[in-house]
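Down below is the structure, laid out as structure tokens.
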Amino acid sequence: MRNNRVFTILIVFLLTLSSCNVNNNTQIVDEDIGEAADENTQNESSDSVLPNNLKPEFQPDLKELHQASVYTINMEIELEGAVIRVEGSQEVIYTNQESVPLEEIYFRLFPNVGGDYLAVSNIHVDGNPIEPSMEFSNTALRLDLHEPLAPGESTTITMFFDEVVPSEMGGNYGLYVYFDEILALDAFFPIIPVYNDEGWNVEEPPQNADMIFADVAFFSVTVDAPKEFVLAAGGRETERVENSDRQIVTFAGGPQRDFYLAASPRFVFESTWVDGAKLTSYFVEEFRSSGERVLEIGANALSAFSDRFGPYPYNELDLVSTPMQAGGMEYSNIVAIGIYFYDPESTLRGVPGSVFLESATAHEVGHEWFYCQVMSDQIDEPWLDESLVQYVTYLYYLDTYGSQAADGFKESLHQRWERVAKEPIPIGMPAKDYSPMEYGAIVYGRGALFFEALTEEMGQGPFESFLREYVDTYRWGIAEPRDLKELAEESCGCDLSQVFTDWGIIY
């Protein structure tokens, strides 16, 4: 750990009064819209101390989130031959928002799902050293507090972290990797999970399912990286310093569930504006046509979903092409799309990759409402966001192309379910209870069709009002199955118990 370098980063930023962005990539930007959005960003409340990237109309939400965790991360990315090493320091101001004292605090170390890649050291709680306990195959770190943390009280936790990023795609869809000169840092830092009526949500990570289950937090992340790397991150850039071979960039983000970073010397990008949000597509030059197509798809999806579920709350959204063993992955105000589908020659099960590129992009943009804004337990209740967002993807096709295209996507949901011979496997099971084949067929196939049945039971108008109210009610919070059911019943004035039971949902 080069602690002197981390210290230097902090000093540089304290002394730097302005940033200098010298990136010369071409951007497709409506100048009038762009200037208006820049003015909005500058009009943020001057007394706000929370790093955030919310649009002005969502700035009042910050007052209700004053107890959310605040992460300050300083990290250095080093390219050592063909190997990426990440070193950094992290401070978390954590407030007990529960009704009971907390005797311990957990952090998840998700890079260790694929091996022991992430190491943590020099941990202090309120300035006092503390020895951690490692659990669940080194994917959970427990800190036993010297004194219980009472409801409403805060504590400051600091630590160093060090990781060597794998060069082959492994655990959790290969999302954490440096491959073909593209760095994808999925959940790369220690992150505090949700505490609820079950206690701390820590368990052995399942083979299926997305893994992050976190309360909203605020992030200030300073990245020291090789200058040739183009950085795409879940937050807005607030500071930049460059020298002959390095760049030091600070990103501010929140309220959000995570912080994601992708970087590559191969990245180029194009941007546009949608309803006051800057939308940027990052891709490699050889797949430029697909990268520009992703920008168009993302713009259509962002517009359609804003109309249906309420405005997109952030100043920007990034769409980034990365290697992975999945079609895409959602993060807060940034989504990753599998680079395989950018190749115009790619196919999957005889279907052109461009077809999957569109559905994956629309799907991941949908998660900006149902994951980022409204969180649910992705491990124990994966249907609550993944099945819903599959149905939301159907709505994207309906709004963008009409009923014929939407029916074509709906047929793909039936085809997924057909992989398990359309067995009526419950959609409401935890991820670990499905086989890999069942998980894809039920959560992404049958589960989405549940929302079609729910629409028919409620009526089209009440269902549409319900989804918008669902986002408004649980924005920045966490929803459970009973919350969705009760709100749906309020919207339609009907009893939906039978339809939930028929599809295997426990509430």
What figure, in Å² to the nearest 10, do you get for the accessible area of TRP503 with a 1.4 Å probe and non-protein molecules left out? 40
List the residues, sorted by chain then number, that are 5 or more residues from LEU118 or on another chain and whose placed amide H is less than 5 Å from its amide H. ASN112
Provide the packing ranking of 279-291, 73-85, i.e. peptides ordered by the mean count of other C-beta atoms within 10 Å per residue, highest first. 279-291, 73-85
Can you give the accessible area per residue of segment 143-278, in Å², using a 1.4 Å probe? 31
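Where the only charges are on Cβ atoms (+1 Lys, Arg; -1 Asp, Glu), what is the dipole of segment 379-444 about its Cα centre, to the nearest 20 debye? Please list the in-between numbers first.
Values: 5 positive and 11 negative charges, 37 e Å.
Taking the Cα centre of segment 379-444 as origin, the dipole is about 180 debye.
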At a Förster radius of 30 Å, what calculated FRET efficiency corresponds to the Cβ-Cβ distance of TYR401 and ASP180, to the nearest 0.05? 0.35
For segment 350-507, what % of the accessible area comes from carbon and sulfur atoms, probe 1.4 Å? 49
Thinking of segment 292-418 as a set of Cα atoms, what percent of all their pairs are more than 25 Å apart? 19
Between GLU131 and SER154, the FRET efficiency computed from the C-beta separation at R0 = 22 Å comes out, to the nearest 0.05, as 0.50
Residues whose modelled amide H sits under 5 Å from the amide H of THR347, counting only those 5 or more places away in sequence or on another chain, are GLY353
Pair ALA119, ASN196: separation of 7 Å Cα→Cβ label points (nm): 3.6
Rg [Å, one decimal], Dmax [Å, integer] - the chain, C-alpha atoms: 22.0, 66
Straight-line reach check, LYS63, cutoff 17 Å on alpha carbons, 8 or more apart in-chain or any other chain, hits among lysines -> LYS55
Need the list of aspartates and glutamates near LYS227 for cross-linking: C-alpha distance under 15 angstrom, and skip anything on the same chain fewer than eight residues off. GLU76, GLU78, GLU80, GLU181, GLU239, GLU242, ASP245
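Roll a 1.4 Å probe over the protein chains and send me the accessible area per residue for segment 368-426 in Å². Walk me through the numbers on the way to the answer.
Details: 2030 Å² over 59 residues.
Using a 1.4 Å probe on heavy atoms only, each residue of segment 368-426 averages 34 Å².
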Quick one: if you stick a label point 7 Å off each Cα along the C-beta vector at ARG468 and CYS494, how many nm between them? 2.0
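For segment 205-261, what % of the accessible area comes from carbon and sulfur atoms, probe 1.4 Å? It would help to have the intermediate numbers written out before the result.
Values: 550 of 1360 Å².
It is 41 percent, rounded to a whole number.
Rounded to the nearest whole Å³, what is the per residue volume of the convex hull around the Cα atoms of segment 72-213? Let's see the in-between values first.
Working: hull volume 14.8 nm³, N = 142.
Hull volume normalised by residue count: 104 Å³.
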How would you order 493-502, 106-115 from highest to lowest mean count of nearby Cβ atoms within 10 Å? 106-115, 493-502
Normalise the Cα radius of gyration of segment 258-298 by 2.2 N^0.38 Å (N = residues in it) and let me know the number. 1.22
Rg ratio (alpha-carbon, reference 2.2 N^0.38 Å) - segment 262-328: 1.15
Which of LYS278/LYS422; LYS410/LYS432; LYS410/LYS485 have a Cα-Cα distance over 32 Å? LYS278/LYS422
Set of segment 287-301 residues, backbone N closer than 11 Å to the point 7 Å along the Cα-Cβ line of ASP275: 300-301
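Over all distinct alpha-carbon pairs, what is the Kirkwood Rh of segment 202-317 in angstrom? Present the calculation step by step, with values, prior to reporting the outcome.
Numbers: mean 1/r = 0.0618 Å⁻¹.
Kirkwood hydrodynamic radius for segment 202-317: 16.2 Å.
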Mind ranking 165-175, 329-339, 482-492 by how tightly packed they are, going by the mean number of other C-beta atoms within 10 angstrom, highest first? 329-339, 165-175, 482-492
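Subtracting the Cα-Cα distance from 0.36 nm times the residue separation, let me have the gained length for ASP433 to ARG288 in nm, one decimal. Intermediate results must be reported in sequence, preceding the final value.
Values: separation 145, 0.36 × 145 = 52.20 nm, distance 4.05 nm.
Net length gain for the segment: 48.1 nm.
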Given 10 °C and 1.306 mPa s, compute D for segment 363-507 with the Stokes-Einstein relation, Rh being the Kirkwood radius over Cα pairs; round to the nearest whole µm²/s. 105
Rounded to the nearest 500, the 222 nm mean residue ellipticity computed for the chain from DSSP H runs (n ≥ 4, each -39500 (n - 2.57)) alone is -8500 deg cm²/dmol
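Calculate the FRET efficiency for THR501 and LYS422 from the Cβ-Cβ distance with a Förster distance of 25 Å, rounded to the nearest 0.05.
Numbers: r = 19 Å, r/R0 = 0.75.
Working from the Cβ atoms, E equals 0.85.
The values are calculated or read from the model by the stated rules, or taken from the named source; none is laboratory data. Since the structure is predicted, the reported quantities are computational estimates derived from the model, not experimental observations. Glycine also receives a Cβ, built like all others from the backbone with ideal geometry; neighbour counts cover every protein chain displayed. Ligands, DNA and RNA are excluded from the accessible area calculation, which covers all protein heavy atoms including side chains. Shrake-Rupley method; radii C 1.70, N 1.55, O 1.52, S 1.80 Å.
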